[in-house]
Structures are given as structure tokens and as C-alpha cells.
Amino acid sequence: DECCNEGELCNQQSMSCELDCGDQEPCGVDDPVCCGAGELCYVGQCIVPGGSCEGLVCATKSTSDCDPDEICDADLGLCVPNLANERCTYTPEAGVFDPVPRF
């Protein structure tokens, strides 16, 4: 710890200084931060999760327990911000889709 600044700990494995977040791991890669009370680290950033939710387990269930700007993270059982880029789309090559009936 002698080699590190205040608020940092010395990682003995990598021999580098890391942010001291107490019992929590630092959140983020390039510029890590400590998440505050009521926050959790999600996809490399601190967020305040929404309410509890259930993941869509049935293809015919299209409603969500989350707000419109959130999605349900089934592993957490919580609504989290929808970080999807709406401009990012995949357009498959025409004529490649060739399904085969199984029954």
C-alpha cells in the first residue's frame, strides 16, 4: 500500500494500484469508479436499477414489467437501463434464409 495514493490499494498479483471500493469491486475498465449506495455495476458503469422483473420465458409474452426505457435482466431479476443502440441493425443477405419444415 506504500506505493499507492490515498484511496487506492496495491494489487499484489499485478503489482499495480487499484481503486479501493471497500467490499465492492471497482466498476469500469478505463476509468473505474466506486458505485454508490443503491447502485450496482452493470456493463461497466454504475446504475440505479429499477424494480424487480421476470425475464420473458415465453415467446408469446411480449409485455415487460419494466419502464419503456428499461429492459429486464433475468439474471439479476431487475429492470436496468436499455443501453441498446437503436441505429445498430443487422440486415441479412437476400435469399440466404431457407428454412426447412420439421413436421
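The values are calculated or read from the model by the stated rules, or taken from the named source; none is laboratory data. This one's a predicted model, so the numbers in the text were calculated from it and none came from an experiment. When we count neighbours, we look across all protein chains shown, and the Cβ atoms used for this are built from the backbone with ideal geometry, even at glycine.
Tabulated data for the structure shown
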{"read-out": "Enumeration of residues in the range 5-43 that are surrounded by 11 or more Cβ atoms within 10 Å (Cβ to Cβ), assigned to a loop (DSSP other than H, G, I, E, B) and not acidic (Asp, Glu)", "value": "21, 24, 26, 28, 32, 34, 35, 43"}
{"read-out": "All positions within the range 24-53 that are under 20 Å from residue 8 (Cβ atoms), within 15 Å of the chain's Cα centre (by Cα) and charged (D, E, K, R)", "value": "25"}
{"read-out": "Residue 51 being loosely packed, with under 13 Cβ neighbours inside 10 Å, modelled with pLDDT of 90 or more and within 30 Å of residue 7 (Cβ to Cβ)", "value": "no"}
{"read-out": "Residue check, residue 72 at pLDDT 85 or above, assigned to a loop (DSSP other than H, G, I, E, B) and surrounded by 15 or more Cβ atoms within 10 Å (Cβ to Cβ)", "value": "no"}
